[in-house]
Amino acid sequence: MNEQELYRIVAGVVNGMLAASPAPAAAAGDRIPVEISAKHVHLSQKHVEALFGPGYTLTPKRDLSQPGQFLCEERVTVIGPKGTFKNVAVLGPVRSRTQVELSATDARTLGVKAPLRLSGDLAGCPGVFIQAGDAMVRADESVMVAQNHIHMTPADAQRLGVHDGEVVSVRMDTERPLTFDHVLVRATDTSALAMHIDFDEANACQLAGSGFGTIVRHGAGAPCAPVAPASAPQAPRPSGLMAAVAAPAPATACVPVSGLLTAAEAQSIASSGATEISLEPGAVVTPLARDVLRDKRIAIRSAAKE
């Protein structure tokens, strides 16, 4: 028996044991509340007064989960090159700059190419018109698809073993479970524990209303099957989309994809030189991600079942 044959046998046994062993159940204290963030607008004071009158202040309707933030009585119409959304929620308090947060599907309906951004990062974002009654303003550099994120206090972060600014993965505890990668931790003294996702992401995992997710520890997911080396054994490939993108492209230039694939991640795959992606069972590709893959001539195929 040569070294390659021995490696294949050992790899097969190990992978079989991992597949047969259920993942450890998450402790109740590690579960994170998940909320769906519908399309909404944050207005600057300048735009508040332009839309509703000089000296006008927003009228709180009810408090939101994050301390100090509230849903307003006021509603607006958002107008894009190809579509219009009426009765869009306004959230308070006012911001230094107007920000329109949409899902990728919403952005396509309006006809704008909204980038995936963190709240407040508006440089280079497209603009729209915002209307209230007979008043209208042009909100330049305002439209974005918000990157999913987790609000928490420093005490929550310490308990969960993460820190402010860390990027984690979150496994959704839903009827159609999937794992969101690249979730930003935002730990401040003025936060309350909650993960925010948009309706595209909620539909992908069949979350209705609100639910829970669990931070996935490194190594907790099932690893990709190792590939037998040409001469000496190699370590199994790292799991996860970004690990595959960051690694040198294999000879087939195929990137395995699990969970939700966003437009930003599709751009990363294109930059890596890949020519196709392989969808693992349960993987979901957003409409904007499909557009990116089509424009970059990256083929999509389903992973072969063992």
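Per-residue surface analysis assigns S302 an accessible area of about 90 Å², computed on protein heavy atoms at 1.4 Å probe radius.
With 0.36 nm allotted per residue and the present C-alpha distance subtracted, the A299-T109 stretch has 65.9 nm of extension available. For the pair A155 and A253, the difference between a 0.36 nm per residue extended length and the Cα-Cα distance amounts to 31.0 nm. Annotation: the range 19-156 has a Kirkwood hydrodynamic radius of 16.5 angstrom, from the mean reciprocal C-alpha pair distance. Taking 7 Å steps out from each Cα toward its Cβ at S96 and E141 produces label points 1.2 nm apart. The Cβ shell under 12 Å around T275 holds other residues with a net charge of +2, Lys and Arg each +1, Asp and Glu each -1.
The values are calculated or read from the model by the stated rules, or taken from the named source; none is laboratory data. From a predicted model like this one, the values you see are computed outputs, not experimental measurements. Methodologically, a virtual Cβ is constructed for each residue, glycine included, from the backbone with ideal geometry; neighbour enumeration extends over all protein chains shown. Ligands, DNA and RNA are excluded from the accessible area calculation, which covers all protein heavy atoms including side chains. Shrake-Rupley method; radii C 1.70, N 1.55, O 1.52, S 1.80 Å.
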